[in-house]
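Asker: Sending over a structure as structure tokens; questions will come in a sec.
The values are calculated or read from the model by the stated rules, or taken from the named source; none is laboratory data. Please read these numbers as outputs of a predicted model, since none were measured by experiment. Counting neighbours? That spans all protein chains shown, and the Cβs are built from the backbone with ideal geometry, glycine included. Side chains are part of the model used for accessible areas, which takes the heavy atoms of the whole protein and leaves out ligands, DNA and RNA. Shrake-Rupley method; radii C 1.70, N 1.55, O 1.52, S 1.80 Å.
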Amino acid sequence: LLPFLGSVWVFAEAESTCFANAVAEGDRKFLSGPSGPYPIGVWVCDWPAAYVTSEVVHILLEEILGFRVVQTGPGPSTVDGFFALTGCATPTNIEDRGCSAEPVVTTNHINVEGWTESYASTWAEIERDYPQNAPRNLGNMGYFGKTSMYLPANIRQAAYNAEGWILEFYRGFNVSWTQPAKYFDHHSSIDKDRLKKCVDTRLMVSQAMEVYADITGDWHGVEILTDDNGNRVVRGKCWDEYFWYPPACRDEPSKCVIFFTGGSGWNLEETMQKATAWNMPL
């Protein structure tokens, strides 16, 4: 599985290449499909490392392998790339990815820099529901990535100096012993125009929210609804359109600490599980 960086380069020459032995633009091949020739589609994930690696893939496909290539997307989440490669019509639509159980001709063929281990259940779901269209994971790209929370040093130091609280350790956020919110801005101070609403995030992914509730037992943190087709769906409960509150501060949101993430909710359900299991007000 591959994702990528879509930058725009402007050259003074009519055609400029990275490789001296590059296949000339006029000699590059299209793929053949039932509707005629079309280029290889590289689906781009919307973060810097993905843009960079996709650009590299683009260059290699065109200049060394001699194919016509187009960049598609971008998508804010790794799973958007899963659905794009599956041939789904609306891969970034969390509510309806527009997938078909019948064989389709996809215009998206490659996605790099995907954080696939975080979404193994979604990958397995695609293989189960769309076996004829499911993409293949071709393995590691040659490097590993790690993610973690960023906590400003001045906040960590202030909490330690005044209270002896160690906020770089998850137990330092347990509200049975500490009140970390006093060192953070209240959520009312946030410009919500810069945030996505809950309905545009992974809080709307039924499978992810049901797993959260099953693991933690926090069924009060989700809603069970019926969709337009009469199917049972589980949604993360949203109290004010923008925030989900964990049990640790659900009754007193003023004691919550705001946790920001990117895309449509990178590591969202993982953080929800940690907040609930460890009594953290995130």
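Asker: Would you confirm, using the coordinates I've provided, whether Tyr212 is open to solvent by less than 20 Å² (accessible area, probe 1.4 Å) and among the hydroxyl-bearing types (Ser, Thr, Tyr)?
Answerer: Working: open to solvent by less than 20 Å² (accessible area, probe 1.4 Å): yes; among the hydroxyl-bearing types (Ser, Thr, Tyr): yes.
Here the answer is yes, as Tyr212 does meet what is asked.
This table checks each residue for (1) at pLDDT below 95; (2) assigned to a loop (DSSP other than H, G, I, E, B); (3) touching a helix residue (DSSP H, G or I) at 6+ places or on another chain (Cβ under 9 Å).
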site	(1), (2), (3)
Trp43	no, no, yes
Val52	no, no, no
Val56	no, no, no
Phe82	no, no, yes
Thr90	no, yes, yes
Pro103	yes, yes, no
Glu125	yes, no, yes
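Asker: Follow-up. Looking only at segment 88-109, which residues are surrounded by fewer than 23 Cβ atoms within 10 Å (Cβ to Cβ) and over 17 Å from the mean Cα position of the chain (by Cα)?
Answerer: Answer for segment 88-109, where residues must be surrounded by fewer than 23 Cβ atoms within 10 Å (Cβ to Cβ) and over 17 Å from the mean Cα position of the chain (by Cα): Ala89, Gly98, Cys99, Ser100, Ala101, Glu102, Pro103, Val104, Val105, Thr106, Thr107, His109.
Asker: Please determine, by comparing only the residues of segment 137-158 that are in contact (Cβ under 8 Å) with a residue 12 or more places away in the chain and over 23 Å from Val257 (Cα atoms), which one is least open to solvent (accessible area, probe 1.4 Å).
Answerer: Restricting attention to segment 137-158, the residues satisfying the condition of being in contact (Cβ under 8 Å) with a residue 12 or more places away in the chain are 137-138, 141, 145, 147, 149, 151, 155-156, 158.
Then drop every residue that is not over 23 Å from Val257 (Cα atoms), which leaves 137-138, 141, 145.
On the way: Asn137: 76, Leu138: 131, Met141: 78, Gly145: 45 Å².
Top of the filtered list is Gly145.
Asker: Can you tell me which residues in segment 159-176 are open to solvent by 40 Å² or more (accessible area, probe 1.4 Å) and not in a loop (DSSP other than H, G, I, E, B)?
Answerer: Tyr160, Asn161, Ala162, Glu163, Tyr170, Arg171
Asker: Being surrounded by fewer than 20 Cβ atoms within 10 Å (Cβ to Cβ) and either over 23 Å from Asn133 (Cα atoms) or in contact with a Lys or Arg (Cβ under 6 Å, 6 or more places away or on another chain) (or both) is the filter here; which residues of segment 64-87 pass it?
Answerer: Ile64, Leu65, Gly66, Phe67, Arg68 - these are the residues of segment 64-87 that are surrounded by fewer than 20 Cβ atoms within 10 Å (Cβ to Cβ) and either over 23 Å from Asn133 (Cα atoms) or in contact with a Lys or Arg (Cβ under 6 Å, 6 or more places away or on another chain) (or both).
Asker: Could you check, for segment 241-250, whether at least one of its residues is among the aromatic types (Phe, Trp, Tyr) and within 15 Å of the chain's Cα centre (by Cα)?
Answerer: The initial filter retains those residues of segment 241-250 that are among the aromatic types (Phe, Trp, Tyr), namely 242-245.
When the remaining residues are screened for being within 15 Å of the chain's Cα centre (by Cα), the result is none.
No, every residue in segment 241-250 fails to be among the aromatic types (Phe, Trp, Tyr) and within 15 Å of the chain's Cα centre (by Cα).
Asker: While we're here: Has segment 177-195 got any residue that is modelled with pLDDT of 95 or more, in a loop (DSSP other than H, G, I, E, B), open to solvent by 80 Å² or more (accessible area, probe 1.4 Å) and farther than 23 Å from Gly236 by Cα?
Answerer: yes
Asker: Hey, among Thr216, Thr261, which residue is closer than 22 Å to Thr116 by Cα and not charged (D, E, K, R)? First the steps, then the outcome.
Answerer: Numbers: Thr216 fails: closer than 22 Å to Thr116 by Cα.
Result: Thr261 is the single residue among Thr216, Thr261 that is closer than 22 Å to Thr116 by Cα and not charged (D, E, K, R).
Asker: Suppose the filter is modelled with pLDDT under 90 and assigned to a helix (DSSP H, G or I); does Tyr143 pass it?
Answerer: Values: modelled with pLDDT under 90: yes; assigned to a helix (DSSP H, G or I): no.
No: the conditions fail for Tyr143.
Asker: Also, I was wondering about something else. Tell me yes or no: at least one residue of segment 221-234 is in a loop (DSSP other than H, G, I, E, B) and farther than 27 Å from Arg128 by Cβ.
Answerer: Taking segment 221-234 and keeping what is in a loop (DSSP other than H, G, I, E, B), we get 227-231.
Cutting the leftovers down to farther than 27 Å from Arg128 by Cβ gives us none.
Checking segment 221-234: not a single residue is in a loop (DSSP other than H, G, I, E, B) and farther than 27 Å from Arg128 by Cβ.
Asker: Does any residue in segment 33-48 that is within 26 Å of Val79 (Cα to Cα) and in contact (Cβ under 8 Å) with a residue 24 or more places away in the chain come within less than 6 Å, Cβ to Cβ, of a residue that is assigned to a loop (DSSP other than H, G, I, E, B) and β-branched (Val, Ile, Thr) six or more places away or on a different chain, and which pairs are these?
Answerer: Gly33/Val105; Gly41/Thr107
Asker: Now a separate question. Looking at segment 108-120, is at least one residue at pLDDT 95 or above, within 22 Å of Arg136 (Cα to Cα) and among the hydrophobic types (A, V, I, L, M, F, W, C)?
Answerer: Within segment 108-120, one or more residues are at pLDDT 95 or above, within 22 Å of Arg136 (Cα to Cα) and among the hydrophobic types (A, V, I, L, M, F, W, C).
Asker: Out of everything in segment 48-61 that is surrounded by 21 or more Cβ atoms within 10 Å (Cβ to Cβ) and touching an Asp or Glu at 6+ places or on another chain (Cβ under 8 Å), what residue ends up being nearest to Thr116 (Cα to Cα)?
Answerer: Step by step, filter segment 48-61, then rank; the result is Ala50.
Asker: So Val199 fits all but one of (1) open to solvent by 80 Å² or more (accessible area, probe 1.4 Å); (2) more than 28 Å from Pro76 (Cβ to Cβ); (3) in contact (Cβ under 8 Å) with a residue 24 or more places away in the chain; what number is the exception?
Answerer: Single failed check for Val199: (2).
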